[in-house]
Amino acid sequence: MPLRLVLCFVACATLAHAATALAADVYPVPGSKYEMPDTQIAFRGIPASQLGSISVVGSKSGPHTGTVEADSDGAGGSWLPSKPFVAGETVRVSTGLDLTGAPQGTFSFQIAHFGHPFGAEKIPVAPAGTNGVQHFVSRADLTPASLKVSQDTAPASDGDIFVAPQFGPTENGPMILNSAGQLVWFHPVSLKENQLATDFRTQLLYGQPVLTWFQGTTGSGLGQGEGIVFNQQYQLQQVVKAADGLQMDLHEFLVTNTGQAYIIAVEPVWLPGVHRPVADGVVQEIDMKTGLLLWEWNALDHIPLSESLIYGPNVPGHIEDPYHLNSVSLTSDGNLLISSRNTSSVYKVDRDTGSVMWTLGGKRSSFKMGSGTSFALQHDAVAQPDGTITLFDDGAGPPRIHSASRAIRLSLNDYTMTATLVRQYTHSPSLLADFEGGEQLLGDGDVFIGWGQQPYISGFDSSGRQDFDAHFVSPTASYRAYRFQWTGSPPTNPAIGLRTSDNGTRTLYASWNGATDVSSWRALAGNSPGTLSAIATSPSKGFETAIAFTSGDSQYRLQALGSAGQVLATSAIAGAGPHVAIYGNSAFVSGSGGGALPVGCFAPKPCRIVATVSNGTTVLARSGAQSIGANQTGLVYYQLSGGARSALAKAHHMSVTTSVLDQVSHTTATVPDTLIAYSTSGSGPTRASSPVGPLSLLGRTDFVASGGSGGVLTSCSAATQCRAAMQLSSGGTVIASTGAETEGPRSAGYFSFQLNAAGEQMLAKAPGHQLGVSVAFGGSGIASTGTIALVPYS
């Protein structure tokens with residue numbers, strides 16, 4: 001056959017194949033040497049329906065059958081083997097496709113000798129120390145690490161703080177805090193099961209913000225777990241797993257809006273002449289809807305072991321970890337940026353071929369490293385939209401290379417192949433992180449930095465000035481730290497807690513884990529679900545809001561209110577039994593030793609109250625049983641012993657402990673108290689009370705300190721608070737008037753006043769130190785009046 005005919009035959013056949021074969025990318029890439037027995041063969045760039053015939057033959061296991069499953073975007077599919085491949089064999093794949101790296105459609109890859117998965121190690125637990133853990137009455141099950149903010153001049157637009165304590169002290173887990181360090185949301189992860197969470201942040205998925213994090217165990221600094229996705233209602237939306245029989249590593253969980261997840265996995269393999277497993281770093285792109293592999297890259301196939309700074313027989317440990325991949329970022333041209341801690345290098349990887357396009361840093365940098373650009377043992381290398389690269393430069397080792405860790409931003413010139421330092425950020429005082437850390441570039445030019453193993457997080461403004469600093473109170477750490485704007489709506493009801501203090505007052509505790517739209521809390525009280533009414537409203541104060549009150553009601557609940565006062569959600573009902581209360585922390589005692597104690601009876605039956613006044617183990621006074629009506633307040637009278645009366649007369653003030661016992665309900669209340677001596681002579685003026693509405697005078701004698709300040713003891717019998725203004729007059733002369741003051745529902749307390757000059761003169765000249773005064777209250781539904789005696793004391 002003439003030569004030209006032979007050449008024509010070959011060329012025409014090649015052209016015919018090219019004209020009919022469909023082009024696609026394939027993973028594993030042709031020629032890869034370190035694949036897993038459960039490897040799937042992923043084709044991208046062609047619909048699964050057009051893949052055609054696929055022949056797969058193992059050199060040891062023989063022909064394989066499999067099924068094809070389509071990717072969710074319709075742009076590819078995976079051939080899934082019916083049985084695993086065999087370690088050490090070569091797998092030959094034949095197709096009718098034009099494949100990247102195999103234009104004739106036939107290629108092969110090798111199955112590695114797979115080592116045992118790295119076992120989970122016990123997570124070290126940081127000591128709690130003093131205030132190292134947060135506690136909440138309404139959510140006693142949550143005990144997250146405490147964060148103390150020491151500097152905060154950053155703009156509110158920087159958003160909430162996203163961290164995930166990983167050394168306890170009592171619980172690990174993803175945590176959102178506001179700029180003041182107050183908890184917004186916490187999802188506990190069990191330390192008992194050696195679980196931790198890393199890379200916690202919010203990302204955009206299918207147009208909606210979601211919460212994402214890695215959750216699993218760790219061993220040798222590497223993770224074995226899965227990616228968790230929660231929606232804005234804090235509900236599990238998806239679990240993402242590594243493909244090919246691997247487990248997801250803790251170092252990266254990058255999600256795209258269109259539903260792809262970029263993760264790192266670690267493949268333990270045996271290499272010839274190496275007497276312990278070698279950790280091959282694997283980057284995978286996962287189709288989040290199907291779980292199928294879309295793209296894969298193995299470090300052992302593309303980075304020589306000689307580039308590692310931490311590899312060889314003299315490196316301690318039960319594994320070899322030459323790469324320790326710790327971040328994946330997408331570049332503007334569609335390729336990938338991969339950080340390898342143990343080579344101190346960042347690699348730009350060609351998405352189509354998997355080849356390394358350039359290396360930044362390390363032993364074989366493609367760039368000339370300009371002044372201040374050299375980094376070591378880095379984390380979180382991110383390609384920014386303007387072409388710069390940000391990363392956290394640990395430098396601590398082992399081996400120790402730098403004296404302080406920092407975050408840096410680098411500019412790369414692809415023509416001169418030089419790297420230039422744009423800016424660096426260091427903590428004051430300096431910190432040295434042995435591992436972990438990250439740098440986030442915020443939209444306004446601010447930078448947020450998590451200092452990894454060091455328990456600090458910091459913010460810097462666009463000029464490089466530090467404007468935020470906080471640290472965990474205990475020496476725990478967060479793998480990375482972020483700031484984002486976040487809105488969350490929990491599907492659960494708010495939580496309610498109820499405590500009765502020693503003095504008998506009650507406090508409701510309100511919280512709603514993850515709620516971001518609560519402006520205030522309304523407390524409701526009553527004796528049955530149908531009779532609950534509002535008794536108090538309080539602005540929301542961080543994660544848990546405390547609302548103190550006095551009430552004899554047996555049932556309580558809370559309403560979370562929005563900015564317009566609308567009810568967002570309502571808590572369950574908290575029940576309470578009978579109790580007694582002591583009002584105030586001071587008692588006035590006459591020269592004869594007689595004193596009176598304001599007491600509330602919050603019980604379904606009248607109380608029989610016995611009061612005891614003591615100093616240490618010495619009883620100074622004990623009253624007989626005195627009756628106070630159910631859900632009412634009253635005065636309990638007692639008489640000091642002779643010795644106590646003499647001691648008080650000399651000292652004028654005496655610190656004591658006062659307690660009351662209800663002999664019916666067997667409840668008690670105790671307060672630290674101060675006895676204050678006063679003296680009068682004569683019978684004094686006439687006393688009387690004419691209550692109109694729920695507010696009335698509780699005492700008939702009230703007291704004024706030197707300087708003219710005093711208080712009128714009152715009782716509010718309403719189920720809601722009593723609010724009124726007060727006016728005092730004597731002989732037709734107004735001697736004091738107040739603005740509106742408030743007394744709590746079914747409680748007692750003082751309406752405070754300040755005598756004017758005329759009033760002070762009248763009191764000073766009053767016969768027997770007793771000034772007759774008319775009292776008038778005015779308010780909604782209140783028009784009470786009465787006459788009392790004002791008595792001075794010092």
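Structural descriptor for the chain: relative contact order 8 percent, calculated from alpha carbon pairs under 8 angstrom and at least 6 residues apart. Its alpha carbons give the range 104-143 an Rg and a Dmax of 24.3, 69 Å.
Working note: Karplus 6.51/-1.76/1.60 with θ = phi - 60° gives the range 658-668 the couplings 10, 9, 10, 10, 8, 6, 8, 8, 6, 9, 9 Hz, where Gly and Pro are set to x. Think of the range 75-212 as a dipole: +1 on every Lys or Arg Cβ, -1 on every Asp or Glu Cβ, centred on the Cα centre; then among V210, L196, V149, L196 lies furthest on the positive end.
How large is the accessible surface per residue of the chain, computed with a 1.4 Å probe and reported in Å² as a whole number?
Working: 31560 Å² over 794 residues.
Roughly 40 Å² per residue, with all protein chains present.
Protein heavy-atom surface of the range 639-794, 1.4 angstrom probe: 52% of the accessible area is carbon and sulfur, with nucleic acids and ligands not counted.
Sorted from greatest to least, the principal axis extents spanned by the alpha carbons of the range 712-759 come out as 37, 16, 14 Å.
Modelled this way, with points 7 Å down the Cα-to-C-beta line, the labels at V692 and S355 are 9.8 nm from one another.
If you take the square roots of the eigenvalues of the alpha-carbon gyration tensor of the range 60-176 and sort them as a ≥ b ≥ c, do you get rounded (a/c under 1.5), prolate (a/b over b/c) or oblate? In terms of gyration-tensor shape, prolate. Once the gyration tensor of the Cα atoms in the chain is diagonalised, the equivalent ellipsoid follows with semi-axes of 76, 26, 23 Å, ordered largest first. With N residues in the range 258-335, what two-decimal value do you get for its Cα radius of gyration over 2.2 N^0.38 Å? Its radius of gyration relative to the 2.2 N^0.38 Å reference: 1.27.
For the range 631-672, what does the equivalent ellipsoid look like in terms of its semi-axes, each the square root of 5 times an eigenvalue of the Cα gyration tensor, given largest first in whole Å?
Equivalent ellipsoid of the range 631-672: 26, 11, 10 Å, largest first.
With K and R counted +1 and D and E -1, the other residues having a Cβ less than 12 Å from that of A611 yield a net charge of 0.
Between the amide H of F588 and those of A596, I676, distances stay under 5 Å, these residues lying 5 or more places away or on another chain, with hydrogens modeled in the peptide plane.
In terms of packing, defined here as the mean over residues of other Cβ atoms within 10 angstrom, the peptides 417-423, 106-112 line up highest first as 106-112, 417-423. Within the range 172-258, the trypsin sites (Lys or Arg not before Pro) that combine a DSSP coil assignment with at most 11 other C-beta atoms in a 10 angstrom radius are K192.
For the range 154-197, the calculated P(r) over all alpha carbon pairs, in 10 Å bins from 0 to the bin holding the longest distance, is 31, 44, 20, 5 percent.
Loop-located trypsin sites (Lys or Arg not before Pro) across the range 113-185 with a Cβ neighbour count of 15 or fewer within 10 Å are K122, with loop assigned by DSSP. Here is the size of the range 298-457 from its Cα atoms: Rg then Dmax, 15.1, 48 Å. When you filter the GluC sites (Glu not before Pro) in the range 224-293 for DSSP loop state and at most 10 other Cβ atoms inside 10 Å of their Cβ, nothing is left.
Computed over neighbours whose Cβ is under 15 Å from that of L412, the net charge equals +1, Lys and Arg +1, Asp and Glu -1. Label zone of K368 (point 7 Å out along Cα→Cβ, amide N under 16 Å): in the range 400-430 this covers 411-421. Helix 3-20 and the longest principal axis of the Cα set of the chain meet at an angle near 20°. When the inverse distances between all different Cα atoms of the range 35-117 are averaged and flipped, the Kirkwood radius reads 13.2 angstrom.
For the range 578-720, a Kirkwood hydrodynamic radius built from all Cα pairs, placed in the Stokes-Einstein relation at 25 °C and 0.890 mPa s, yields a translational diffusion coefficient of 153 µm²/s. Rg/Rh, computed from the Cα trace of the range 657-740 with Rh as the Kirkwood radius, has the value 1.01.
Excluding same-chain residues fewer than 8 positions from K605, which aspartates and glutamates have a Cα within less than 16 Å of its Cα? Here the aspartates and glutamates satisfying the reach criterion relative to K605 are D553, D662. Within the shell of other residues whose beta carbon sits under 11 angstrom from the beta carbon of V278, the net charge comes to -3, with Lys and Arg scored +1 and Asp and Glu -1. Checking the cross-link pairs K148/K241; K33/K60; K83/K241; K148/K541; K289/K348 against a 24 Å limit on the alpha carbon distance flags K148/K241; K289/K348 as lying beyond it.
Extension gain, K289-Q424: 0.36 nm per intervening residue step, less the Cα-Cα distance, totals 44.6 nm. Computing FRET efficiency as 1/(1 + (r/R0)^6) for T531 and S780, where r is the C-beta to C-beta distance and R0 is 25 Å, gives about 0.75. Rg/Rh for the range 522-623 (Cα atoms only, Rh after Kirkwood) is 1.12.
Mean residue ellipticity, 222 nm, helices only, the chain: the sum of -39500 (n - 2.57) across DSSP H runs of n ≥ 4, divided by residue count and rounded to 500, is -1500 deg cm²/dmol. Take the convex hull of the alpha carbons in the range 665-794; its mean projected area over all directions comes to 9.1 nm².
Note that the range 380-500 shows a convex hull volume over its alpha carbon atoms of 170 Å³ per residue.
With the simple model of a label 7 Å out from the Cα in the direction of the Cβ, S655 to T617 spans 2.0 nm.
Which percentage, to the nearest 5, of the DSSP beta bridges contained in the chain is antiparallel?
The antiparallel proportion sits near 95 percent.
Stretched out straight at 0.36 nm per residue, the stretch from S489 to Q663 would grow longer than its current Cα-Cα span by 57.9 nm.
The values are calculated or read from the model by the stated rules, or taken from the named source; none is laboratory data. Model, not experiment: these values are computed from the prediction. Cβ coordinates were reconstructed from backbone atoms using ideal geometry, including for glycine residues, and neighbour counts include every protein chain displayed. Ligands, DNA and RNA are excluded from the accessible area calculation, which covers all protein heavy atoms including side chains. Shrake-Rupley method; radii C 1.70, N 1.55, O 1.52, S 1.80 Å.
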